[in-house]
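The values are calculated or read from the model by the stated rules, or taken from the named source; none is laboratory data. Given the structure is predicted, the values throughout are model-derived calculations rather than measurements. Here Cβ is always computed from backbone atoms with ideal geometry, including for glycine, and neighbour counts include all displayed protein chains.
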Amino acid sequence: MQRALFSAPRVITTARLSMVPPSAEHLPDLIRLKGDEAVFGFMLHGVRTPQRAREELEDDTDFWQVRGYGIWSVFLRETGQFLGICGLMERPDGRGVALRYALWPETRGFGYAREAARAALDFGHAAGVRRIIAVARESNTASQAVMRDIGMREAGGFVNHGHRMVVFESVADQE
């Protein structure tokens, strides 16, 4: 199990976004986001029940405490609007630490996913995670474009539940 190599601030701010580790106050937004087919239909294990979203919030909190990185709730700085989630988690299939992001459909097309994903990727590498992957369905060209735009490279693929998945990776320079 990889552990963060330093104690970094857990909140990230970018030009337009504020990224905060999820907490109980975010649960209503997380339940709506994770229960929405247009958002989580493409995610590993698909749409979540409200109970599963609660369990994942607990898992996310624990992951932060053990690893020093994890998933963030993403907000628009100017308005405080909840946009979705982005961050790093260990893939359950053993492929490694993975970048994940899921934003509301109406917030897509503004570059928020790129901004959040780049910030999460940079945070992960600074925290000592040398290799970070991301996985998208072959048909999800928008998500693949985000991965390419933030500097990730295609690194293989696999089939999951009849869907061809594309794996991308980012490997930090060794110093």
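Whether a residue is within 24 Å of Ala142 (Cβ to Cβ) and modelled with pLDDT of 95 or more was assessed, and Asp93 does not pass this test. Restricting attention to the range 103-140, the residues that are over 22 Å from Gly156 (Cα atoms) and not in a helix (DSSP H, G or I) add up to 8. Selection of first residues in the range 1-28 that are more than 26 Å from Arg52 (Cα to Cα) and of second residues that are surrounded by 12 or more Cβ atoms within 10 Å (Cβ to Cβ) and at pLDDT below 95, restricted to Cβ pairs under 6 Å at least 6 apart or on distinct chains, gives the following pairs, ordered by first then second residue: Ala4/Arg67; Ala4/Gly68; Ala4/Tyr69; Ala4/Ala127; Ala4/Gly128; Leu5/Gly128; Ala8/Ala127. Return a yes/no flag: does the range 9-18 have any residue that is modelled with pLDDT under 90 and among the basic types (Lys, Arg). There is at least one residue in the range 9-18 that is modelled with pLDDT under 90 and among the basic types (Lys, Arg). Flag: Gly109 does not match the condition of being farther than 23 Å from Ala136 by Cα and at pLDDT 90 or above. For the range 141-154, residues that are in contact with a Lys or Arg (Cβ under 9 Å, 6 or more places away or on another chain) and in a strand (DSSP E or B) total 1.
Restricting the first member to the range 98-112 and to residues that are under 21 Å from Val166 (Cβ atoms), and the second to residues that are aromatic (Phe, Trp, Tyr) and at pLDDT below 95, the beta-carbon pairs closer than 7 Å and six or more apart or on different chains are Ala102/Phe40.
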